[in-house]
Amino acid sequence: MFIATARYLRFSVLMALAATGYADGVPDDCTQLIVGIAPNWNSMRGHLQLFGRTPGTNWSPAAPAVPVLFGKSGVAWGSGLAGQNESGLRKTERDGRAPAGIFRIGKIYTYDAQLPAGSDYPFHQVTTVDAWSDDVSSPDYNRFVTIPDPANPPPWFAKQKMRHNDFAYRWLVEIRHNSDPPVPGAGSAIFFHIRRGVDRPTAGCTTMAESDLAKLITWLRAPQHPCYALLPASEYDTKWQNWHLPPPESWKVGR
């Protein structure tokens, strides 16, 4: 029965993702692109580089590549602007993999009253009543929520609250995987955040040194509709043209 139920859930997820109707590739309105490359599907390490363009022109590097960490089990196809229609291993809740594909960048969530100096991007200062739901049975799955009564928090709040006074979560930059709309079980709470150490991969986020994340945040501009493309190197080599990505020779490291 468990196997049959799992197969049904996988089928339901795939059908729901296919119904979103996204056209694959970086959209025309995106003029800031964050590119992450994993050496292979099971890599927990990779590199990340920033690219910019003006409408109708080619991508140009905006900063040198930096090392990043992905999920402890590697990467798997996610759901965003591209990737949801690919066959193969798919991102699921608690699988330890970062979602591959192309994704919009959402809001920044921070402990601080302001973003790093020079930043100009929408953000929310996280309070003690804020949470991000990873409960697949909840109507708020993979959404930001605020509990109404902090004196009587619901049982799930302790594990899903966003303010832990944890240095790694000082800034959470939302990667909009499985967001439009969320499909239960397809993965939740995917962000850029500060790494816990050079050998500490994540449950599905992309992490980096604090200084590198601060530079990324300072670079982001909402009117440029920033996106994130994460792919294994072999997939990047075959998809970069159809998905309107920078050519592979743009990469100076991690190839």
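Bear in mind that the values in this text are calculations on the coordinates, not laboratory data. Remember, predicted model here, so these are calculated numbers, not experimental data. Using ideal geometry, Cβ is built from the backbone for each residue, glycine included, and neighbour counts are taken over all protein chains shown.
Tell me, what are the semi-axes, in whole angstrom and largest first, of the equivalent ellipsoid of the stretch 2-247 as set by the roots of 5 times the Cα gyration tensor eigenvalues?
26, 24, 17
Quote the relative contact order of the stretch 98-255 in percent (integer), defining contacts as alpha-carbon pairs under 8 Å separated by 6+ residues.
29 percent
Which one of L89, L115, L230 has the biggest mean-square fluctuation once the chain is modelled by GNM with Cα springs under 10 Å?
L89
Starting at the first residue of the stretch 179-186, write each ³J(HN,Hα) from the Karplus equation 6.51 cos²θ - 1.76 cosθ + 1.60 with θ = phi - 60°, in whole Hz, x for Gly and Pro.
Per residue, the Karplus-derived 3J(HN,Hα) values read 10, 10, x, x, 9, x, x, 8 Hz.
What share of the DSSP beta bridges in the stretch 2-247 is antiparallel, in percent to the nearest 5? Could the numbers behind the result be given before it?
On the way: 29 of 48 bridges.
Restricted to the stretch 2-247, the bridges split so that about 60 percent are antiparallel.
Can you tell which of S211, S234, S43 shows the greatest fluctuation in a Gaussian network model of the chain with Cα springs below 10 Å?
S211
Between F157 and A63, what FRET efficiency follows from the Cβ-Cβ distance if R0 is 30 Å, with the result rounded to 0.05?
Using R0 = 30 Å, I get an efficiency of 0.20.
Using a Gaussian network model of the chain with C-alpha springs under 10 Å, which one of W156, W132, W219 is most mobile by mean-square fluctuation?
Of the options given, W156 has the highest mean-square fluctuation.
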